[in-house]
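Structure first, then comments.
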């Protein structure tokens with residue numbers, strides 16, 4: 001075991017959600033890293049706007065409390081709970097990686113922490129710590145594209161131009177070289193789509209129907225739109241998570257006559273087509289490697305210091321439709 005924690009390094013600050021639209025920053029004392037563990041000092045983290053807003057307002061259904069637990073979570077839903085999974089830091093000591101190595105860890109918002117060495121994935125040289133906060137969302141998008149491989153099509157669209165939808169469209173275009181249309185009511189998404197090589201459908205001119213559709217708007221209206229845009233025997237890959245909200249669909253319409261398929265994609269399990277050859281760690285490492293494109297920086301739409309997290313979460317939960325990835329910066 002290596003002793004790495006000086007007096008100042010023993011104290012960490014972490015963000016906790018109360019599950020009622022409020023949160024706070026708490027201090028905690030760290031233990032020494034044991035053999036096979038690292039001390040990581042955080043540089044940046046990111047707010048996963050959709051999921052963390054549900055957690056922040058207490059919208060996780062009781063039936064999903066166990067399944068929705070993230071790695072290294074503390075507390076239980078509805079709260080108080082220490083929740084989050086997009087932390088980028090540098091190794092400050094411990095066993096297995098050189099001091100100063102930049103790493104990504106599926107860890108909540110906290111200034112420093114001790115984790116098993118195999119929980120920290122070193123960043124490739126072409127992936128900056130600032131951009132690496134996109135890794136968790138990129139992993140979700142990667143799994144979605146793997147789920148859709150059997151339904152691959154030239155008539156391809158994404159409904160819901162949030163983080164996951166845009167990254168999914170980006171990967172589909174990058175992997176398959178196909179034109180990808182994005183449907184989203186926020187007009188500023190047009191510039192983001194252009195930067196990522198995607199087609200924004202707000203002005204029309206798109207194909208009338210699509211054979212493969214990714215739905216990521218997390219709204220009933222978006223999923224209904226997917227049904228309207230689906231061609232004969234089309235597949236809709238459902239990426240949205242609705243929490244405690246119920247969704248009503250017109251399945252008495254074209255759903256049966258057009259032989260449509262709605263297929264769930266969930267990052268908690270590796271896509272069946274890749275399950276034998278990829279574990280969660282390998283999938284996450286591949287997702288991090290795919291962040292080598294500077295064009296992806298367009299997805300970072302804001303940054304705030306760590307101490308502002310309670311009010312930033314309240315703002316994001318109340319709406320903020322222009323926001324994609326909000327990055328949190330940690331003190332030196």
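Below are the figures for this structure:
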{"item": "Gained length - residue 117 relative to residue 307, 0.36 nm times residue gap less alpha-carbon distance", "result": "65.7 nm"}
{"item": "Distance cut-off 26 Å, percentage of C-alpha pairs in the chain lying past it", "result": "48 percent"}
{"item": "Gyration tensor (alpha-carbon) shape descriptor, the stretch 51-181, a/c threshold 1.5", "result": "oblate"}
{"item": "Over the chain, relative contact order from alpha-carbon pairs under 8 Å, at least 6 apart, %", "result": "19 percent"}
{"item": "Linear extension gain, residue 76 paired with residue 126, 0.36 nm per residue minus alpha-carbon span", "result": "14.3 nm"}
{"item": "Most to least packed among 315-324, 176-185, 50-59 [average Cβ atoms within 10 Å]", "result": "50-59, 176-185, 315-324"}
{"item": "Candidates 136, 148, 69: whichever shows maximal mean-square fluctuation once the chain is modelled as a Gaussian network with Cα springs under 10 Å", "result": "69"}
{"item": "Set of the stretch 202-225 residues, backbone N closer than 17 Å to the point 7 Å along the Cα-Cβ line of residue 178", "result": "206-216"}
{"item": "Fluctuation leader among 208, 307, 238 - the chain, Gaussian network, Cα springs under 10 angstrom", "result": "208"}
{"item": "Computed over the stretch 137-274, Kirkwood Rh from alpha-carbon pairs, angstrom", "result": "14.8 Å"}
{"item": "Efficiency of FRET between residue 228 and residue 276 - r from beta-carbon atoms, R0 41 angstrom, step 0.05", "result": "0.65"}
{"item": "Computed helical MRE - 222 nm, the chain, DSSP H runs ≥ 4 contributing -39500 (n - 2.57), nearest 500", "result": "-7000 deg cm²/dmol"}
{"item": "Value of relative contact order over the stretch 1-145, rounded to a whole percent, pairs C-alpha under 8 Å and six or more apart", "result": "29 percent"}
{"item": "FRET efficiency, residue 292 to residue 152 (Cβ-Cβ, R0 25 Å, nearest 0.05)", "result": "0.60"}
{"item": "Mean-position separation - Cα centroids, the stretch 262-276 and the stretch 312-329, in angstrom", "result": "28 Å"}
{"item": "Gyration tensor verdict on the stretch 225-332 (Cα atoms; rounded if a/c is under 1.5, prolate if a/b is larger than b/c, oblate otherwise)", "result": "oblate"}
{"item": "Label zone at residue 90 (point 7 Å along Cα-to-Cβ), backbone N below 17 Å, the stretch 130-173", "result": "130-133"}
{"item": "The stretch 72-139, relative contact order in percent, only Cα pairs under 8 angstrom and at least six apart counted", "result": "31 percent"}
{"item": "For the stretch 141-182, convex hull of alpha carbons as volume per residue, Å³", "result": "57 Å³"}
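Taken together, the values in this text are just the output of simple stated rules run on the coordinates, not laboratory data. From a predicted model like this one, the values you see are computed outputs, not experimental measurements. Because the Cβ atoms are built from the backbone with ideal geometry, glycine has one as well, and the counts that use them run over all protein chains shown.
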